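Working notes, structure below.
The values are calculated or read from the model by the stated rules, or taken from the named source; none is laboratory data. Fair warning: this is a prediction, and the values are worked out from it, not measured in the lab. Glycine also receives a Cβ, built like all others from the backbone with ideal geometry; neighbour counts cover every protein chain displayed.
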Amino acid sequence: MKNTLVKTSHPLKVLALILCVGALPLVCGLTGCSTGSRYRQSTGEYIDDHGLSSAVKKALKADPQFKYDDVNVVTFKGVVQLSGFVNTKDQKNRAGDLAKKVEGVKEVENNITVKE
């Protein structure tokens, strides 16, 4: 008497292997260890954005004409957002110009409010 279980187990093993290999991209895609999305930064983007924020803050602090103590800098995927308060419209424009000149900045959203 031949063992039919042995004959059918080989195709089942192959099928199981195909299913496991086929499901691997789905599982990896769902876990997304360090990949970013439209609304989330990857680990590398977070590090880069932190460096850009620091560089923009340094550029604002080093400006000899104006002091930007009340300006906040936030960066997301290379887009720098400036917020806070300054005394004149010239200070607001200058802060935006300084931020744009920092290497790696893709875009600047200047949401600084001029005190009246």
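Among the residues in the range 79-100, are any in contact with a helix residue (DSSP H, G or I) (Cβ under 6 Å, 6 or more places away or on another chain), of a type in the set (S, T, N, Q) and within 24 Å of Ile47 (Cβ to Cβ)? Taking every residue of the range 79-100 in turn, none turns out to be in contact with a helix residue (DSSP H, G or I) (Cβ under 6 Å, 6 or more places away or on another chain), of a type in the set (S, T, N, Q) and within 24 Å of Ile47 (Cβ to Cβ). Phe85 fulfils the conditions (1) surrounded by 15 or more Cβ atoms within 10 Å (Cβ to Cβ); (2) touching a residue at least 24 places away in the same chain (Cβ under 8 Å); (3) not in a strand (DSSP E or B) except for a single criterion, (3). Scanning the range 92-116 for residues that are of a type in the set (A, V, I, L, M) and under 12 Å from Val79 (Cα atoms) turns up Ala99, Val102, Val105, Val108. Filtering the range 35-82 to residues that are in contact with a Ser or Thr (Cβ under 8 Å, 6 or more places away or on another chain) and either part of a loop (DSSP other than H, G, I, E, B) or modelled with pLDDT under 90 (or both) leaves Thr35, Gly36, Ser42, Thr43, Gly44.
Residues that are over 19 Å from the mean Cα position of the chain (by Cα) and hydrophobic (A, V, I, L, M, F, W, C) within the range 64-116 comprise Phe66, Val71, Phe85, Val86, Ala95, Leu98, Ile112, Val114, listed in sequence order. Could you list all residues from the range 83-113 that are among the β-branched types (Val, Ile, Thr) and either within 13 Å of Leu52 (Cβ to Cβ) or at pLDDT 95 or above (or both)? Within the range 83-113, Val102, Val105, Val108, Ile112, Thr113 qualify.
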